[in-house]
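J.: This is the structure, below, for whatever I ask next.
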Amino acid sequence: LGRDARWRTAAWAVEGAGIFWLGLRQQRPMARAFALLLQLGSALTFLSQLSDGEGSLLDGVPLGALLLGVALLFSFYQLHKAPPEQVSPWERKGVPVLACLGLTFLYLLAPLFFFTEGTTISWALAGLITLFVGLRLPSRTFVFTAMAVQWLGGVLFLVAAPLFTEDLRPLAHGGFWTPLILGLAGLVGAWHVQFSKPATAFDGLTLQRLSQALLVWGAGWWALAWVSEVLRFAPPSLQAPLLLAVVALSVA
């Protein structure tokens, strides 16, 4: 009662994580259920306070998003590593939900700080980190969420980024680096998935398809970055040789 809604979410998130940890150690399902409801309430309260930002895409309290994400992922990790006999079946079904919600609130930090291009770059890098962590845990939810946030970043860039602006310098603007980083994140992710050892949470076919999807996704953004830069700044007489050089270097 002594805090407004912006700081209440942070307090509830931390309290919910602590109660869940105690409830798991003391084998108290009702305490764990209350902790999850408390975290869900803090998440809904935080989302209800979001609005269009003036200095960023969204206006909100970054500390609330950070603590919500950490608290939800802490609860997810406690359930993920807990022996099956210590948790209820309904809690096992909620593990993917906790992972998705926790990652979502961490991803919200980008639009709370940046505009379109900064958010897209942050989501590309965050998706790559999430992919590495998901393969290490292992967690299918982390892996598919990593792909989803990269795709969301690409859609955001295509819909909201200013693609054609004046007074740009070659290789020194966000319209080039944003798709380039999207492409690099996809290609590095495809490489890592291709050479990772399948865990019990995955099968070889799933990882192979993920690697192929990331390869196509990354190659598309890589090509878009270089082709648009050549067509935008190079004189017409040099566009064909430069495009051939880009293709040759990319294949190499």
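The values are calculated or read from the model by the stated rules, or taken from the named source; none is laboratory data. Being a predicted model, the structure only gives us computed values, none of them experimental. Every residue, glycine as well, gets a Cβ built from its backbone with ideal geometry; the counts of neighbours run over all protein chains shown. Accessible surface areas use protein heavy atoms only, side chains included; no ligands, DNA or RNA. Shrake-Rupley method; radii C 1.70, N 1.55, O 1.52, S 1.80 Å.
J.: Kindly report the accessible area of the chain per residue (heavy atoms of protein chains, probe 1.4 Å, no ligands, DNA or RNA), in Å². Can you show the working numbers first?
T.: Values: 13720 Å² over 252 residues.
About 54 Å² of surface per residue is accessible.
J.: To continue, here is another question. Determine how large the accessible area of Trp217 is when every protein chain is in place; take a 1.4 Å probe and give Å² rounded to the nearest 10.
T.: 50 Å²
J.: Do any chymotrypsin sites (Phe, Trp or Tyr not before Pro) in the range 117-157 lie in a loop, going by DSSP, with at most 14 other beta-carbon atoms within 10 Å of their beta carbon, and if so which?
T.: Working: sites: Trp123, Phe132, Phe142, Phe144, Trp151, Phe157; in loops: none.
Taking the range 117-157 and a limit of 14 other Cβ atoms within 10 Å, no loop chymotrypsin sites (Phe, Trp or Tyr not before Pro) are found.
J.: If you don't mind, there's one more thing I want to ask. Divide, for the range 70-147, the radius of gyration over alpha carbons by 2.2 N^0.38 Å, where N is the residue count. Kindly include the intermediate steps, with their values, before the conclusion.
T.: Numbers: Rg = 13.7 Å, N = 78, 2.2 N^0.38 = 11.5 Å.
Ratio of Cα Rg to 2.2 N^0.38 Å: 1.19.
J.: Going highest first, how would you order 220-230, 52-62 by mean Cβ packing within 10 Å?
T.: Details: 220-230: 18.7, 52-62: 14.3.
Averaged packing, sorted descending, gives the order 220-230, 52-62.
J.: Dividing the alpha-carbon Rg of the chain by 2.2 N^0.38 Å yields what? Kindly include the intermediate steps, with their values, before the conclusion.
T.: Details: Rg = 21.4 Å, N = 252, 2.2 N^0.38 = 18.0 Å.
Expressed relative to 2.2 N^0.38 Å, the Cα Rg reads 1.19.
J.: While we're here: Provide the per-residue ³J(HN,Hα) series for the range 172-188, in order, calculated from phi with Karplus coefficients 6.51, -1.76, 1.60 and θ = phi - 60°, each as a whole number of Hz, with x at glycine and proline positions.
T.: Along the range 172-188, the couplings run 9, 8, x, x, 9, 6, 5, x, 5, 5, 4, x, 5, 4, x, 5, 5 Hz.
J.: Percent of accessible area on the chain owned by carbon and sulfur, 1.4 Å probe? Write out the running numbers ahead of the final one.
T.: Details: 9460 of 13720 Å².
Accessible surface attributable to carbon and sulfur in the chain totals 69 percent.
J.: Points 7 angstrom from Cα along the Cβ direction at Val227 and Trp21: gap in nanometres?
T.: 5.1 nm
J.: Which percent of the Cα-Cα distances in the range 1-120 go past 19 Å? Can you show the working numbers first?
T.: Details: 3284 of 7140 pairs.
Taking all Cα-Cα pairs of the range 1-120, the fraction more than 19 Å apart is 46 percent.
J.: Could you put His173, His80 in order of accessible surface area, largest first, with the 1.4 Å probe and the full protein assembly present? Walk me through the numbers before you get to the answer.
T.: Working: His173 20, His80 60 Å².
So the residues, ranked largest to smallest area, are His80, His173.
J.: Could you state the principal axis extents of the C-alpha atoms in the range 104-149, from the largest down, to the nearest angstrom?
T.: 32, 16, 13
J.: Let me check something: with ligands and nucleic acids excluded, how do Tyr77, Tyr107 order by accessible area (1.4 Å probe), largest to smallest?
T.: Working: Tyr77 105, Tyr107 25 Å².
My answer, sorted largest first, is Tyr77, Tyr107.
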